[in-house]
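Colleague: Let me give you the structure first, and then I'll get to my questions.
The values are calculated or read from the model by the stated rules, or taken from the named source; none is laboratory data. Just so it is clear, the model here is predicted, and its values are computed rather than measured. So basically every Cβ, Gly included, is an ideal-geometry build from the backbone, and we count neighbours across all protein chains shown. The area values use the complete protein model at the heavy-atom level, side chains included, leaving out ligands, DNA and RNA. Shrake-Rupley method; radii C 1.70, N 1.55, O 1.52, S 1.80 Å.
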Amino acid sequence: MLLGFISLLLTVFQGLISRICIPTHLSIFMLPCKKRYIVHPNGTEHYSNPTTNNPQRLLFEDTNSGHCLHKGKAPLLPLEALHQLHIFIFVLAVVHVIFCVTIMTLGAARIRQWKSWEDSIRKEIESKKGLTGGNDAQVHDTDHLDFLNERGAGYWRKAAVVSWMISLFKQCYASVTKSDYKAMRQGFIKKHYPDAPEYNFHHHMMQTLAVDFKKVIGVSWYLWLFVVVFLLLNVAGWNTYFWLSFLPLILLLLVGAKLQHIITRLAQEVLVERNIHDHEAQLQVTETKRDNHEVHEAAPPVKPSDDYFWFSSPALVLNLIHFILFQNSFEIGFFFWILFTYGFNSCIMDKLGFIIPRLIVGLIVQVLCSYSTLPLYAIVTQMGSKIKFKEPFKSREESTRGPIEASQIQMQSMAKESPQNAQNSELCTIVIEES
């Protein structure tokens, strides 16, 4: 809708835009293709269209540029350029919507695979709820230790360079394991739902992902500004289109490495806190009671905090993913626009050696973002200090009750609290059952 509104504004103001003039030397320098002059035997010269044998004209060619020609200048955007820009906006909108829906669908399918982990955890909590007194610490003890050993243990992991390198390659395989999921689930529930160990963490992730999808599929003003800057910098000989195609991949790898590094830091902070508790416990135990055995307390859960994110802002990660997806859509949409407008042999299309790497990079970005970065974002951003939206927790028994049964239970609880209202509550219960 936003791109359509921009296209409408271009149509309304196309008369004014076509009368904006720039110096002739700038119009020649900023062309996407180099000019070729053909010298005839009689000594005359004329410009030859270098794009293709396609009868369509280039962006800067237009018969309605007499206003600027009388001034000895060239139009910034002729009517023909505006017409092609309308087509490009339509192509960009279609490609962006298709790519975003594809990535969100594949990413959501990847996250749904974690639902079996959520179900097994909740069943385990319910089965041991009587033994643990409602506390799920013992339930996650073994998996929590696996999480600490896999993510935080090791001398070299303390080095920032080594930790970042491991995080960079970790996003390409087994980005989120079952122990990672359990540890982050436990930390999230301990912070936001401490009295509800059975809270459906997986459902909460899917809800927040649906909310974030509205932002991802949109087009912000700074994204459109980036498109305008790119079209102005697409100068012949600069190969801007080729070098810019690597920007989404670089940013995507950087974002994925940051998300993996956050998980590593969560584990390292728990290990540090655990070592401090063990040291304090050992000092309190006498030599006779200790009997030369070390004292180990249960490892504390991970502690969500905004300090793990860039500039203490988890929303910045979503903005970067938004920019990456739009930039990748722009690259592929620009390719198809040039292909169907000017043909494959156009000078704007560049050489075949430049085309194939751009398409391969675009495919890698789609696959990596779908199966690694987006699922990582969905779970790691829950480790922030604030919760995006907090819904009331309902136990499995409460969620399966009907409205009549819930009303009867509420009336009975009111009768217990106030004996004087017992008779009234019985009458209300009878009315509810009859209705």
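Colleague: Can you tell me the length gained on complete extension of the stretch residue 354 to residue 158, counting 0.36 nm per residue apart and subtracting the Cα distance?
Modeller: Working: separation 196, 0.36 × 196 = 70.56 nm, distance 4.05 nm.
Additional length available on full extension: 66.5 nm.
Colleague: Determine the order of 157, 122, 185 by accessible area, beginning with the largest, at a probe radius of 1.4 Å. Working shown, then result.
Modeller: Values: 157 55, 122 25, 185 0 Å².
Ranking 157, 122, 185 by accessible area, largest first, yields 157, 122, 185.
Colleague: Given a 1.4 angstrom probe, what's the average accessible area per residue across segment 170-219, in square angstrom?
Modeller: Details: 1790 Å² over 50 residues.
In whole numbers, segment 170-219 has 36 Å² accessible per residue.
Colleague: OK, next. Label segment 167-228 by shape, choosing from rounded, prolate and oblate, from the square roots a ≥ b ≥ c of the eigenvalues of the Cα gyration tensor; if a/c is under 1.5 it is rounded, and otherwise prolate applies when a/b is larger than b/c, oblate when it is not. Kindly include the intermediate steps, with their values, before the conclusion.
Modeller: Numbers: a/c = 3.35, a/b = 1.65, b/c = 2.04.
Since a/c reaches 1.5 but b/c is at least a/b, the shape of segment 167-228 is classed as oblate.
Colleague: Within segment 139-248, what whole-number % of the accessible surface is contributed by carbon and sulfur, with the 1.4 Å probe and all protein chains included in the calculation?
Modeller: Numbers: 3440 of 5170 Å².
Ligands and nucleic acids excluded, carbon and sulfur reach 67 percent.
Colleague: So, one more: Long-range amide H contacts for residue 22: which residues qualify at under 5 Å (H placed 1.01 Å from N, peptide plane, sequence gap of 5 or more or a different chain)?
Modeller: Placed amide hydrogens put 74, 76 under 5 Å from residue 22.
Colleague: Continuing with this model, one more query. Could you rank the peptides 308-321, 258-271 by their average count of other C-beta atoms within 10 Å per residue, with the highest value first? Intermediate values should be presented prior to the final figure.
Modeller: Working: 308-321: 16.2, 258-271: 21.6.
Final packing ranking: 258-271, 308-321.
Colleague: Take the alpha carbon gyration tensor of segment 76-115, find the square roots of its eigenvalues, order them as a ≥ b ≥ c, and report rounded if a/c is under 1.5; if not, report prolate when a/b exceeds b/c, else oblate.
Modeller: Working: a/c = 10.39, a/b = 6.19, b/c = 1.68.
Prolate shape, in that a/c is at least 1.5 and a/b is the bigger ratio.
Colleague: Provide the FRET efficiency to the nearest 0.05 for the residue 228-residue 119 pair, computing r from the beta carbons and using R0 = 30 Å.
Modeller: Details: r = 49 Å, r/R0 = 1.63.
The value I calculate is 0.05.
Colleague: Under the Karplus relation 6.51 cos²θ - 1.76 cosθ + 1.60, θ = phi - 60°, what is the ordered set of whole-Hz ³J(HN,Hα) values for segment 193-201, x standing for Gly and Pro?
Modeller: My calculation for segment 193-201 gives 9, x, 9, 9, x, 8, 4, 7, 5 Hz in order.
Colleague: Same structure again: Given points 7 Å out from each Cα along the Cα-Cβ axis, report the residue 71 to residue 177 separation in nanometres with one decimal.
Modeller: It works out to 6.7 nm between the two label points.
Colleague: List, in the order given, every pair from 115/258; 258/351; 123/258; 178/388 whose Cα-Cα distance in the structure shown is over 31 Å. Intermediate values should be presented prior to the final figure.
Modeller: Numbers: 115/258 25 Å; 258/351 35 Å; 123/258 33 Å; 178/388 24 Å.
From the list (115/258; 258/351; 123/258; 178/388), the Cα-Cα distance tops 31 Å for 258/351; 123/258.
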